[in-house]
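Novice: Input: one structure, supplied below.
The values are calculated or read from the model by the stated rules, or taken from the named source; none is laboratory data. Since the structure is predicted, the reported quantities are computational estimates derived from the model, not experimental observations. As a convention, Cβ positions derive from the backbone with ideal geometry for all residues, glycine included, and neighbour counts pool all protein chains shown. What goes into the accessible areas is simple: the full protein's heavy atoms, side chains included, and nothing from ligands, DNA or RNA. Shrake-Rupley method; radii C 1.70, N 1.55, O 1.52, S 1.80 Å.
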Amino acid sequence: MTTTPTTRELLDQKLREYARTHDRGLRDEIIAAHLELVEHLARRFVRRSEAYDDLVQAGSIGLIKAVDGFDPDLGFEFAAYASKTIVGELKRHFRDKGWSVRAPRRVQELYLGLGQVVDELSQRLGRSPTVKELAAETGASEEDVLEALEAGHAYRSASLDTPGPEGEPLTSRLGHVDGAYEKVDERDLLLPHIEKLPQRERLILHLRFVEDLTQSEIAARIGISQMHVSRLLARSLAKLHDACAAEA
Amino acid sequence: MSSSRAFEPDVRGVDEASEHVELLLPVRPELWVLARMSASAIASRLDFGFDAVEDLRLAIDELCNSCAAGAAADSRLRLVYRWDDDTIHVACEVSPIGPASPVAADTLELSARILDALVDEHGIDPVDDGRRKGWLTKSRPTLGL
């Protein structure tokens, strides 16, 4: 990422002000100005058969950590400092999902095709298909289908010990969160972390755990595949656990 | 894998003599994949639908996370899976384990709320004699959902 002296000075000013005030708006501005850096670094890892969007998301967590941890008085350039934390987060991403990364190509390919098959079968059968039915439809073994489902889940191995990600830059808030989360919300435990999730993940959490919709119903409601719902749910829950652990 | 300590899984309401599967793991979250795969393979044999299998996999993560909160580096997590015609029962035990820390308490509460939505029944017992036990049951929903 290239910056002119003017923008660099401006950035330095913002970083100093953020370090002093912890202003959320400034934080989001700094993050937005460096997303290009995250994308650049994420592209270096794409060859490892990982979804680019997932890498950008993991890298963004590193960027957020960099913004929050940067000390302008130490005299380092922010981009260099942030690059280190972003790459660190990308490596952690691969480490945490090591099992899935090593899934054989045939399993990865099966996973890529499975989402459409799940949706088509759900529509045809009027219910969620069984693994046997998915295997019959795809011509794969049940074991391969199970392995493919597992390979698609990138974010389930959240460590209990390592500091957790802080989620995404704030977007708009869910209008109403209650029900199953109410008890926890009263303790101010979860709500701040839920608010940091991307809007779609917050919506999916709400539909699954508050409105008690099935994953198929959520998929139909928001217009994405059932498997994508499942993956986002797993990722959101892992983030919440990470955030709880990091806070303590 | 083996353990020098007897394991008495809490599989409430299930015939102890029934067929079962046991799994013994180091307490490393990246190994929960083995616990999920075992559960989903059994659920698949019971003709659980995709939604139910996916909920069960999330629930297994929560069960393992809950039981492992506060575990030591050398702790072991043991899972016992039992099943009948349409229900899977999973018991989990982690030992050795210390008293719940504040972070463990938060993790347990979060997991309990999530499990409420994912399975039919579940429970995590307080730490006793250096062990924490937890369990869940999930039945095949009607209409194969």
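Novice: What FRET efficiency would be calculated for the residue pair A:Glu36, A:Glu195, taking the C-beta separation as r and a Förster radius of 30 Å, to the nearest 0.05?
Specialist: On the way: r = 25 Å, r/R0 = 0.84.
So the FRET efficiency works out to roughly 0.75.
Novice: 5 Å is the cut-off here: which amide hydrogens, built 1.01 Å from N in the peptide plane, fall below it relative to B:Asp47, excluding neighbours closer than 5 in sequence?
Specialist: none
Novice: Which percent of the accessible heavy-atom area of segment B:20-139 goes to carbon and sulfur, probe 1.4 angstrom? Display every interim value, and only then the final one.
Specialist: On the way: 1860 of 3750 Å².
Carbon and sulfur: 50 percent of the exposed surface of segment B:20-139.
Novice: If we count every other residue with Cβ under 10 angstrom of B:Asp55's Cβ, Lys/Arg +1 and Asp/Glu -1, where does the sum land? Could the numbers behind the result be given before it?
Specialist: Details: positive: A:Arg208, B:Arg57, B:Lys138; negative: B:Asp51, B:Glu54.
Within the 10 Å Cβ shell, the charges total +1.
Novice: Moving to a separate point now. Normalising by the residue count of segment B:16-124, find the relative contact order in percent from Cα pairs under 8 Å and 6+ residues apart.
Specialist: Values: 146 pairs, mean separation 34.3, N = 109.
So the answer I get is 31 percent.
Novice: A further question follows. When you count, for each residue, the other Cβ atoms within 10 Å and take the mean per peptide, how do A:10-16, A:212-218, B:125-131 rank with the highest first? All intermediate terms of the calculation are to be shown ahead of the outcome.
Specialist: On the way: A:10-16: 15.4, A:212-218: 20.9, B:125-131: 13.0.
Answer by packing, highest mean first, reads A:212-218, A:10-16, B:125-131.
Novice: I would also like to ask the following. Would you mind checking which residues have amide H under 5 Å from A:Thr130's amide H? H placed 1.01 Å from N; only 5 or more apart, or other chain.
Specialist: Under 5 Å from the amide H of A:Thr130: B:Phe50.
Novice: What order do you get for A:27-33, B:89-95, A:37-43, B:75-81 when each peptide is scored by the mean count of other beta carbon atoms within 10 Å, highest first? Please list the in-between numbers first.
Specialist: Numbers: A:27-33: 16.9, B:89-95: 25.0, A:37-43: 18.9, B:75-81: 22.1.
Order by mean packing, descending: B:89-95, B:75-81, A:37-43, A:27-33.
Novice: Across peptide B:40-50, what mean number of C-beta atoms from other chains lies inside 10 Å of a residue's C-beta?
Specialist: Values: counts 7, 5, 0, 3, 10, 3, 1, 4, 3, 12, 19.
Taking all residues of B:40-50 together, the mean is 6.
Novice: Continuing with this model, one more query. Hey, what do the phi angles of segment A:198-205 turn into as Karplus ³J(HN,Hα) couplings, whole Hz, using 6.51/-1.76/1.60 and θ = phi - 60°, x for Gly and Pro?
Specialist: Karplus-based 3J(HN,Hα) across segment A:198-205 equals x, 4, 5, 5, 5, 5, 5, 4 Hz.
Novice: Which whole number gives the average, over all residues in B:51-63, of C-beta atoms from other chains lying within 10 Å of the residue C-beta? List each step's numbers first, then the result.
Specialist: Details: counts 15, 4, 8, 14, 5, 0, 7, 9, 0, 1, 8, 2, 0.
Taking the mean over all residues of the peptide, I get 6.
Novice: May I ask for the net charge around A:Phe78, where only other residues with Cβ less than 14 Å from the Cβ of A:Phe78 are counted and Lys, Arg are +1 while Asp, Glu are -1?
Specialist: Residues near A:Phe78 contribute -3 overall.
Novice: Pairs A:Lys196/B:Lys138; A:Lys196/A:Lys239; A:Lys65/A:Lys239; A:Lys239/B:Lys138; A:Lys14/A:Lys239; A:Lys239/B:Lys133: which are spaced more than 20 Å apart, C-alpha to C-alpha? Each step should come with its number before you reach the end.
Specialist: On the way: A:Lys196/B:Lys138 31 Å; A:Lys196/A:Lys239 10 Å; A:Lys65/A:Lys239 14 Å; A:Lys239/B:Lys138 25 Å; A:Lys14/A:Lys239 28 Å; A:Lys239/B:Lys133 24 Å.
Long pairs (Cα-Cα over 20 Å): A:Lys196/B:Lys138; A:Lys239/B:Lys138; A:Lys14/A:Lys239; A:Lys239/B:Lys133.
Novice: Short version: ³J(HN,Hα) in whole Hz for each residue of segment A:66-78, in order, from phi by Karplus 6.51 cos²θ - 1.76 cosθ + 1.60 (θ = phi - 60°), x for Gly and Pro, what are they?
Specialist: Working through the residues one at a time gives 5, 4, 6, x, 6, 10, x, 6, 7, x, 7, 7, 4 Hz.
Novice: Within 10 Å of each Cβ of A:126-136, how many other protein chain Cβ atoms are there on average?
Specialist: Neighbouring Cβ atoms belonging to other protein chains average 5 per residue here.
Novice: Provide the net charge surrounding B:Ser111, with neighbours chosen by a C-beta distance below 10 Å and charges set as Lys +1, Arg +1, Asp -1, Glu -1. Mind dumping the intermediate values first?
Specialist: Working: positive: B:Arg113; negative: B:Asp61, B:Glu62, B:Asp106, B:Glu109, B:Asp116.
It works out to a net charge of -4.
Novice: Return a whole-number percent for the relative contact order of segment A:5-97, with Cα pairs under 8 Å and 6 or more residues apart as the contact set. Kindly include the intermediate steps, with their values, before the conclusion.
Specialist: On the way: 78 pairs, mean separation 27.8, N = 93.
Reported as a whole number, the value is 30 percent.
Novice: Excluding ligands, DNA and RNA, what is the accessible area buried between chains A and B, summed over both sides, using a 1.4 Å probe, to the nearest 100 Å²?
Specialist: Roughly 3700 Å² of accessible surface disappears when A and B pair.
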